[in-house]
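Encoded as structure tokens, the structure appears first; notes follow it.
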Amino acid sequence: MSPPDQGEPAAPVIPARPAKAMAPQTSDDSQAVEKTAEPKAVGVFVSVIIPVYNSMPYLTELLNSLELQDLDKSLYEVIAVNDGSTDFGGEILDVYAKRNDNFTVVHQENSGWPGKPRNVGTALAKGEYVFYADSDDTLGTEALRRMRDFALEHDVDVLAPKLVPVGGRVIRTSLFSSTQIDVPLEQIFATLMPQKLIRRQMILDHGLRFAEEKVRLEDGMVLAGCYLHAKRVSVLGDYDYYYIRERGDGNNISAQPFEPMGYVESMTHISNTIRSNTLDDPELGRRLIAGLFKRKGLKFFTGERFLKYREARAKLWTAAFGPYVQEFLAERTNEVLSDHDAAKAAAIIAGDYEELKRLAAKDDDVAGRPELIKATSKSDHFELRFASPAIGPAPRGVYIDERETDRRLQFPIVDQDSGQYIAKISYATLGASLKGKADIHVRYDHAETRRIRMPANVKEATYAGAIVFRTVTGALSIDLRKAKLV
């Protein structure tokens with residue numbers, strides 16, 4: 001995100017960076033250092049930046065995982081910013097810094113939010129890239145080396161490594177199902193978390209800084225700017241790179257209560273960033289903003305969550321989002337949202353609490369998965385007949401995604417009326433393109449893809465060693481490992 005217009009500071013003298021602990025650094029100092037592109041340090045590829053606040057005992061797990069990286073220690077540094085911890089995390093950091101020449105610790109007064117520690121760490125970083133880690137997570141021991149190899153080979157500006165949820169954490173794991181060298185903006189915007197490898201010079205060149213006050217989506221504001229300025233954004237899904245934790249004590253920032261007006265202000269900031277950086281393709285901008293609203297805004301108006309709000313709370317969210325939806329999504333809404341979501345957008349603009357309750361009560365039906373009715377092997381194709389919820393988004397096609405690669409096949413569907421559809425899966429196309437197990441999804445215009453559910457009473461279909469089968473979780477897949485289709 002762009003910093004507030006406070007005028008450019010005079011060119012500072014960059015202080016020498018000590019090898020170990022540092023005294024607290026002020027916000028103004030960190031901004032001055034950050035705005036000057038210092039000479040690139042020879043050999044340091046990545047600076048791992050960690051904001052630390054009362055994260056014991058998890059902190060030691062992260063530090064151990066960084067200490068055990070199989071990347072040469074001259075190629076990475078760890079900068080941990082202790083944001084006034086009141087546990088003994090600060091002392092633990094000093095122990096690790098004493099025994100690791102590539103670890104640096106900054107101790108500062110509590111700022112109350114991860115933004116300032118990340119900015120301080122970025123200002124001190126010497127790596128060609130930065131990687132933002134949280135102090136209660138861990139990295140796989142091969143993570144930094146593998147990310148370095150990939151980033152250098154493909155000249156990546158932003159690299160999203162595979163995240164693995166632990167402790168009950170819920171994230172969108174489908175994004176990391178396979179490696180992609182060039183990820184479309186509409187896809188990568190599904191993850192606005194900061195655990196990414198990011199080219200440091202791009203951050204400096206565009207003045208991207210984390211908000212230092214207590215605001216929601218402060219990481220999303222920075223990541224949106226990174227994605228929009230990057231020449232190449234990639235996903236790396238070949239290894240369990242980063243284990244992201246749901247803390248048992250409930251102290252994840254994501255678990256803290258939401259304040260509606262402040263949250264919507266952050267949404268507005270991200271949406272303005274999108275709009276100002278897609279002037280040459282405003283339709284892409286509209287789709288990105290609509291996707292942001294579906295993921296980050298509509299969740300407050302969905303199903304049981306909305307219905308369980310007290311009326312005053314529900315109306316507070318509606319009032320907060322009303323001007324936002326009017327500003328960004330009032331025109332041609334059905335082009336970027338499903339009919340059901342567009343109806344919610346209209347009700348939010350109108351402040352119609354009763355209509356929002358009625359629509360929320362239908363969400364379970366709308367969110368239903370498509371269900372296989374029959375699978376048949378024909379002379380030259382598998383025929384899949386499936387049903388989709390009548391009031392949900394309309395299916396537009398079928399995807400078949402191979403599990404061990406990034407190969408994806410798309411097949412058209414024929415609407416049979418009464419909520420039923422037929423997809424014809426060509427043997428020749430399957431045999432020429434896929435070799436392993438693959439999962440079958442339904443594609444929609446304005447909704448995430450959904451796996452087709454296969455009831456236990458529906459028979460499998462086979463042809464020349466290819467098998468359309470039901471997984472242990474009841475989803476529809478196809479096994480081509482022994483197929484002889486060409």
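Points worth noting:
- Selection count where residues are over 21 Å from Ala360 (Cβ atoms) and out of contact with any Pro (no Cβ under 7 Å at 6 or more places or on another chain), scope the range 379-393: 7
- Pair list, Cβ < 6 Å and 6+ apart or interchain, from the range 213-229 residues that are in contact (Cβ under 8 Å) with a residue 24 or more places away in the chain and part of a loop (DSSP other than H, G, I, E, B) to residues that are of a type outside the set (A, V, I, L, M) and open to solvent by less than 30 Å² (accessible area, probe 1.4 Å): Lys214/Gly112; Val215/Gly262; Val215/Ser266; Arg216/Tyr263; Arg216/Ser266; Leu217/Ser266
- Residue ID - most open to solvent (accessible area, probe 1.4 Å), chosen from residues in the range 320-348 that are closer than 19 Å to Pro393 by Cβ and not in a helix (DSSP H, G or I): Arg332
- Selection from the range 300-311 of residues that are part of a helix (DSSP H, G or I) and open to solvent by 60 Å² or more (accessible area, probe 1.4 Å): Glu304, Arg305, Leu307, Lys308, Glu311
- Filtered residues of the range 186-199 (kept if surrounded by fewer than 20 Cβ atoms within 10 Å (Cβ to Cβ) and in a helix (DSSP H, G or I)): Glu186, Gln187
- Within the range 459-479, the set of residues being among the hydrophobic types (A, V, I, L, M, F, W, C) and either without any contact (Cβ under 8 Å) to a residue 12 or more places away in the chain or under 13 Å from Phe382 (Cβ atoms) (or both) comprises Ala461, Ala464, Ala466, Ile467, Val468, Phe469, Val472, Leu476, Ile478.
- Residues satisfying the stated conditions in the range 402-432, i.e. among the hydroxyl-bearing types (Ser, Thr, Tyr) and more than 13 Å from Ala466 (Cα to Cα): Thr405, Ser418, Tyr421
- Qualifying residue in the range 384-393 (condition: modelled with pLDDT of 95 or more, open to solvent by less than 10 Å² (accessible area, probe 1.4 Å) and closer than 30 Å to Val458 by Cβ): yes
- Count of residues meeting criterion [touching a residue at least 12 places away in the same chain (Cβ under 8 Å) and within 20 Å of Tyr129 (Cα to Cα)] in the range 153-188: 16
- Residue check for Ser254: modelled with pLDDT under 95 and among the hydroxyl-bearing types (Ser, Thr, Tyr): yes
- Residues of the range 158-180 that are open to solvent by 20 Å² or more (accessible area, probe 1.4 Å) and either in contact with a Leu (Cβ under 7 Å, 6 or more places away or on another chain) or closer than 20 Å to Leu288 by Cα (or both): Lys162, Ile171, Arg172, Thr173, Ser174, Thr179, Gln180.
- Residues in the range 196-226 that are in contact with an Asp or Glu (Cβ under 9 Å, 6 or more places away or on another chain), modelled with pLDDT of 95 or more and closer than 23 Å to Leu163 by Cα: Ile198, Arg199, Arg200, Ile203, Cys226.
- Taken over the range 438-465, residues that are over 30 Å from Val336 (Cα atoms), out of contact with any Phe, Trp or Tyr (no Cβ under 7 Å at 6 or more places or on another chain) and surrounded by 15 or more Cβ atoms within 10 Å (Cβ to Cβ) amount to 2.
The values are calculated or read from the model by the stated rules, or taken from the named source; none is laboratory data. Computed from a prediction, not measured in an experiment: that's the story for all the values here. Positions of Cβ are backbone-derived with ideal geometry, glycine not excepted, and every protein chain shown enters the neighbour counts. To get the accessible areas, we keep the full protein, side chains included, count just its heavy atoms, and leave off ligands, DNA and RNA. Shrake-Rupley method; radii C 1.70, N 1.55, O 1.52, S 1.80 Å.
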